[in-house]
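Working notes, beginning with the structure itself.
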Amino acid sequence: MLKVDDKQLKAFLLDSGLLNKSQLDKAEKEALKLKKSLSSVLLDNKLITEEKLTKLKAYILGIPFISLSKETVPTDVLKIIPEPIAKKYNIVAFRKHGLDLEVAMIDPKDLQTIEFIHKKSNLNILPRLTDSKSIKHVLNQYKKSIEEELGGLIKNEQKEQEKDKQKDISFEEKIIKSDQEDQQVEDGEDLEKAAEDLPVIKIVDTILNHAIDQGASDIHIEPTKKDMIVRYRIDGVLHDAMILPKKLQQGITARIKVLSNLKLDEHRLPQDGRFKIETEDYRISFRVSLLPVYDGEKIVMRLLREDNKKRSLDELGLQGEALDRVKKALQKPVGMFLVTGPTGSGKTTTLYTAMDMVNTPEVNISTIEDPIEYRMPRVNQTQVKPSIGMTFAAGLRALLRQDPNIIMVGEIRDGETASLAVNAALTGHMVLSTLHTNSAAGALPRLIDMGVEPFLISSTVNAILAQRLVRRLCKDKEEYTLTDDQIKSLSEQFDLDNILKVLIKRKVIDPKATFKTIKFYKAKPSKECPSGYKGRMGIYEVLEMSEKIRELTIKRASQDEILKTAKEEGMVTMLEDGFAKAAQGLTTIEEVLRVTKE
């Protein structure tokens, strides 16, 4: 492997001014303690980017550095090194001139691989040092589009379908044929064969692999009268991926049922299952739901990335006073911390991040979840199973006998669970949970509606966080300022003066700025970033239980009254937080309005 002496690296980092002596001394001590290299510690603590560190190593070793993270390599050059070799040894060809082939590598001193490629290609190999981001970007260029990969198979099936259509079938014959098909489905005779059909296996594998590669959170396979539509949810928005011939419907549905260990011959009732895909690069669980619809069975698969790296609250998007309030709430040893928002708004991710912050050897953390989405070390996670009486309420009762310090309840769905959670917080536990309300202020009346006594709520709740997810802008984006008409339209819907105060308080804009001078940003689609967006981040509001809010809760005040008081006490709303992030160039105003329109 490519090695640079830690002392040499430290000296060059100091000379370059990239890091100061104090930062390097601290990192060096941590490296010795953890028995890691200085490079690893610097990257883990985000003191330097991988690209800058690799550039410096290239300079020390006298090897040219190349960044390929935005480059498109010609196909004929790319294919000189076969994909399995490129992937295994982290080496890619990116430029050819005459008999010289430039290759980018993580370890340009891997002479064995260089010699192997030289013999295979009969070209002079010129090694260049690069970072893992560049290698990953070029490796993705080996992949075909889903249409290219499945085009031949689908065309064959479409031809077969056309032949069937051209046959002259009488009305009586259609009825007989339909009855026979129903009998086959009931008996399940053909379903096992259909599930093991090689083209069907190839199609299903390709659908799953492309969803993983594109970072989809869900796959929708929807039967219609004439065909099957495959859609991916990417960054919260559904996109059409491809259309499959109707003839493949039975086989694809059967294949997914086999993978999920579901009943092949059951097509009248909903079914839920699960399966997992593990490779060297990722571990992903697929949560599968089948629902009978008019034209067959609709399939939705949720992708849960089990190898997700831990993220901090600020990486999720929490900023300013919202971040301070959450940290303050999590430092309290007892009481409730609630996260609210609609399905798919990132509540579970926030709760897991919060649990990770309080997860120390001194405490016992127990959870009751439906489903367990991510496994956490040193956390006792229990799955809800209503079919055998293991509800959230039953599980919570059992957890209280397990001597927990911290309890996480996946969701408060009913009055019984709400009462138990409140009582757990009242008797010396920290309780983390989620609730389906549109705003932080709406959580308090919701708990009262569930039958929890207001004085108990006011005594136990520490803070309530409400959130939505917005798409994050790519690096390339278009700058603009609002027109007079746009400002007028926004002022009719929102309190722009208050939004301006938040932007100034967060130091996002100059104190003298106005909505006419603030720079906002639009998505700019590109080859690397087709939609102009990549990934998502949260926008938040955090309601702290002050004395005034407690009094309002006891008086059974409305959501609007609670919201008004919370804003007077300095709570920044989701909309205001969203505008601050739009002014920072992290997202767009359109995204903020899309997710906060209610």
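The values are calculated or read from the model by the stated rules, or taken from the named source; none is laboratory data. Note that the coordinates shown come from a computational prediction; the quantities given were computed from them, not determined experimentally. All Cβ positions, glycine included, derive from the backbone under ideal geometry; neighbour counts span all protein chains shown. For accessibility, only protein heavy atoms count, side chains too; no ligands or nucleic acids. Shrake-Rupley method; radii C 1.70, N 1.55, O 1.52, S 1.80 Å.
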How many residues of segment 301-331 are within 17 Å of MET574 (Cβ to Cβ) and either touching a Pro at 6+ places or on another chain (Cβ under 6 Å) or among the hydroxyl-bearing types (Ser, Thr, Tyr) (or both)? The answer is 0
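Taking LYS155 as the residue in question, decide whether it is more than 17 Å from PHE94 (Cα to Cα), open to solvent by 90 Å² or more (accessible area, probe 1.4 Å), outside any helix (DSSP H, G or I) and modelled with pLDDT under 85.
On the way: more than 17 Å from PHE94 (Cα to Cα): yes; open to solvent by 90 Å² or more (accessible area, probe 1.4 Å): yes; outside any helix (DSSP H, G or I): no; modelled with pLDDT under 85: yes.
Here the answer is no, as LYS155 does not meet what is asked.
Conditions (1) in contact (Cβ under 8 Å) with a residue 24 or more places away in the chain; (2) in a strand (DSSP E or B), marked per residue:
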{"residue": "SER458", "(1), (2)": "yes, no"}
{"residue": "VAL470", "(1), (2)": "yes, yes"}
{"residue": "LEU500", "(1), (2)": "no, no"}
{"residue": "ILE504", "(1), (2)": "no, no"}
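Filter segment 568-592 down to residues that are assigned to a helix (DSSP H, G or I) and open to solvent by 50 Å² or more (accessible area, probe 1.4 Å) and give me whichever is nearest to LYS519 (Cα to Cα).
My answer is GLU590.
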Identify all residues within segment 259-282 that are open to solvent by 60 Å² or more (accessible area, probe 1.4 Å) and either at pLDDT 90 or above or within 24 Å of LEU198 (Cα to Cα) (or both); write none if there are none. ASN261, LYS263, ASP265, ARG268, LEU269, PRO270, ASP272, ARG274, LYS276, GLU278, THR279
Search segment 402-421 for residues that are within 21 Å of ILE365 (Cβ to Cβ) and pair each with any residue that is among the charged types (D, E, K, R) and part of a strand (DSSP E or B) when their beta-carbon atoms are under 9 Å apart and the residues are at least 6 apart or on different chains. MET408/GLU369; VAL409/GLU369; GLY410/GLU369; GLU411/GLU369
Identify all residues within segment 32-78 that are among the β-branched types (Val, Ile, Thr), farther than 18 Å from LYS21 by Cα and open to solvent by less than 60 Å² (accessible area, probe 1.4 Å); write none if there are none. THR54, ILE60, ILE63, ILE66, VAL73, VAL77
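Got a sec? Which of LYS52, LYS46, LYS7, LYS57 is without any contact (Cβ under 8 Å) to a residue 40 or more places away in the chain and within 19 Å of PRO127 (Cα to Cα)?
Details: LYS46 fails: within 19 Å of PRO127 (Cα to Cα); LYS7 fails: within 19 Å of PRO127 (Cα to Cα); LYS57 fails: without any contact (Cβ under 8 Å) to a residue 40 or more places away in the chain.
Sole residue among the options that is without any contact (Cβ under 8 Å) to a residue 40 or more places away in the chain and within 19 Å of PRO127 (Cα to Cα): LYS52.
With respect to ILE299, is the statement that it is within 23 Å of the chain's Cα centre (by Cα), outside any loop (DSSP other than H, G, I, E, B) and at pLDDT 95 or above true?
Details: within 23 Å of the chain's Cα centre (by Cα): yes; outside any loop (DSSP other than H, G, I, E, B): yes; at pLDDT 95 or above: yes.
Criteria met by ILE299.
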Search segment 283-298 for residues being open to solvent by 10 Å² or more (accessible area, probe 1.4 Å) and among the aliphatic types (A, V, I, L, M), and hand back the single one that is nearest to LYS136 (Cα to Cα). LEU291
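From the set of residues in segment 490-546 that are of a type in the set (Val, Ile, Thr) and under 27 Å from the mean Cα position of the chain (by Cα), which is nearest to GLN141 (Cα to Cα)? Lay out the reasoning, then the answer.
Keep residues of segment 490-546 that are of a type in the set (Val, Ile, Thr), which gives 499, 502, 504, 508-509, 514, 517-518, 539, 542.
Subsequent filtering for residues that are under 27 Å from the mean Cα position of the chain (by Cα) retains 508, 539, 542.
Numbers: VAL508: 38, ILE539: 33, VAL542: 43 Å.
My answer is ILE539.
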Given the conditions (1) open to solvent by less than 40 Å² (accessible area, probe 1.4 Å); (2) out of contact with any Lys or Arg (no Cβ under 6 Å at 6 or more places or on another chain); (3) of a type outside the set (Phe, Trp, Tyr), and given that THR565 satisfies all but one, which numbered condition is not satisfied? (2)
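From the list ASP485, ASP476, which one is at pLDDT below 95 and within 30 Å of the chain's Cα centre (by Cα)? So that I can check it myself, show each step before the final result.
Working: ASP485 fails: within 30 Å of the chain's Cα centre (by Cα).
Residue meeting the stated conditions: ASP476.
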Might you let me know whether segment 518-537 holds any residue that is open to solvent by less than 80 Å² (accessible area, probe 1.4 Å), farther than 27 Å from GLY215 by Cβ and in contact (Cβ under 8 Å) with a residue 60 or more places away in the chain? yes
Of the conditions (1) over 20 Å from LEU304 (Cβ atoms); (2) at pLDDT below 95; (3) assigned to a helix (DSSP H, G or I); (4) open to solvent by less than 40 Å² (accessible area, probe 1.4 Å), LEU444 satisfies every one except a single condition; which number is it? (2)
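Filter segment 347-378 for residues that are in a helix (DSSP H, G or I), of a type in the set (S, T, N, Q) and open to solvent by less than 40 Å² (accessible area, probe 1.4 Å) and give the result.
Selection gives THR350, THR353.
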Could you list, in sequence order, all residues of segment 323-341 that are open to solvent by 10 Å² or more (accessible area, probe 1.4 Å) and either aliphatic (A, V, I, L, M) or free of Cβ contacts under 8 Å to residues at least 60 places away in the same chain (or both)? LEU323, ASP324, LYS327, LEU330, GLN331, VAL334
Hits in segment 1-40 (condition: under 24 Å from ASP110 (Cα atoms), polar (S, T, N, Q) and not in a loop (DSSP other than H, G, I, E, B)): GLN8, SER39, SER40
Give me the residue from segment 302-317 that is surrounded by 13 or more Cβ atoms within 10 Å (Cβ to Cβ) and in a loop (DSSP other than H, G, I, E, B) and, out of that set, modelled with the highest pLDDT. GLY317
Select, from GLY320, GLY344, the only residue that is open to solvent by less than 40 Å² (accessible area, probe 1.4 Å) and either in contact (Cβ under 8 Å) with a residue 60 or more places away in the chain or in contact with a Leu (Cβ under 9 Å, 6 or more places away or on another chain) (or both). GLY320
Of the listed residues (LEU259, LEU248, LEU291), the one being under 30 Å from TYR374 (Cβ atoms) and either in contact with a Pro (Cβ under 9 Å, 6 or more places away or on another chain) or polar (S, T, N, Q) (or both) is LEU291
